[in-house]
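Values in this text are rule-based calculations from the coordinates and carry no lab data. The structure displayed is predicted, hence computed values, not measured ones. As a convention, Cβ positions derive from the backbone with ideal geometry for all residues, glycine included, and neighbour counts pool all protein chains shown.
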Amino acid sequence: MNRLCIATRGIASWRERLASPDRQWKRRFSAFETAVSWELASNSKSGLPGPIEKLFRESNYCDPLLVFAVAEHKVDLPGGNAASQSDVWAVVSTSSGMLSLTVEAKSKEAFGDEILEKWLVAGATEESKSNRQKRFDYVCSHLPKSDSFLQVRYQMLHRCAASVIEAKRFGFKRAAFIVQAFETPANGFQDYAIFCQALKIPAARGSMATTSVNGISLSVGWADCPLATDHEVAATA
């Protein structure tokens, strides 16, 4: 994890941080749409995209205010070199206290990784499988206790855990994981609903539910966001 960050110069700065920009940087896909969404929001009072701000306000997190956000933020995980790389990680000030937020953005893409049951045994060698188990044990220690994670997409598990990991690193008592959806296929929300079921919280579009893990309040939500217009793209280029 690089501890040095610089201010963006528009959406081009977001493209530079992608692992495969030539493949990932396209209109109507999540990386591009997320960049436009957050760059536009940076000039608003809260600094947050409207649908995400709405989630906080309707979940009793009054006066949410973006302190800072990092695109493609990496959180190190044990067991190999694989980090959890969130589309956006942010520190948000609320009337209830400071909060660590990870955002997983989806547009036409499905959630990555297999369900946990398949992901754990997908390693090519015994060492690889052992490393995967080590990573998941660490991820699981930052999630509410559940016996139902095996059918959940591994990507959602480590993205959510990343918000808690960073909350602990900063000494915050609150964390949140939000799916920022741009025309996400129906099966994407079904995957999200399975995740929420494992956490024993309700799943609904445009809302956020709260549970807890190791003394940290954890909120999980889904925000449907509009695709950027040509004018909005031009304003953030």
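The table that follows gives values for the structure above.
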quantity: One residue from Arg169, Arg159, Arg174 being charged (D, E, K, R) and more than 30 Å from Gly10 (Cβ to Cβ); calculated: Arg174
quantity: Close pairs (7 angstrom Cβ cut-off, 6 or more residues apart or separate chains): in contact (Cβ under 8 Å) with a residue 24 or more places away in the chain and of a type outside the set (D, E, K, R) in the stretch 140-166, in a helix (DSSP H, G or I) and surrounded by fewer than 16 Cβ atoms within 10 Å (Cβ to Cβ) anywhere; calculated: Ser148/Gln197; Leu150/Glu117; Gln151/Glu117
quantity: Search result, residues across the stretch 183-202 that are touching a Cys at 6+ places or on another chain (Cβ under 8 Å) and surrounded by fewer than 18 Cβ atoms within 10 Å (Cβ to Cβ); calculated: Pro202
quantity: Number of the condition not met by Gly47 [criteria: (1) among the small types (Gly, Ala, Ser); (2) on the phi > 0 side of the Ramachandran plot; (3) assigned to a helix (DSSP H, G or I)]; calculated: (3)
quantity: Inter-residue pairs, beta-carbon under 8 Å, first touching a residue at least 40 places away in the same chain (Cβ under 8 Å) and farther than 16 Å from Thr184 by Cβ and in the stretch 12-31, second of a type in the set (Ser, Thr, Tyr) and not in a loop (DSSP other than H, G, I, E, B), 6+ apart; calculated: Trp14/Thr34
quantity: Residue match in the stretch 9-28 (condition: assigned to a helix (DSSP H, G or I), in contact with a strand residue (DSSP E or B) (Cβ under 7 Å, 6 or more places away or on another chain) and farther than 30 Å from Lys129 by Cα); calculated: yes
quantity: Scope the stretch 89-127; condition of a type in the set (S, T, N, Q) and touching a residue at least 12 places away in the same chain (Cβ under 8 Å); matching residues; calculated: Ser93, Thr94, Ser95, Ser96, Ser100, Thr102, Ser107
quantity: Count - residues of the stretch 211-237 that are in a strand (DSSP E or B), under 18 Å from Arg174 (Cα atoms) and in contact with a Lys or Arg (Cβ under 9 Å, 6 or more places away or on another chain); calculated: 7
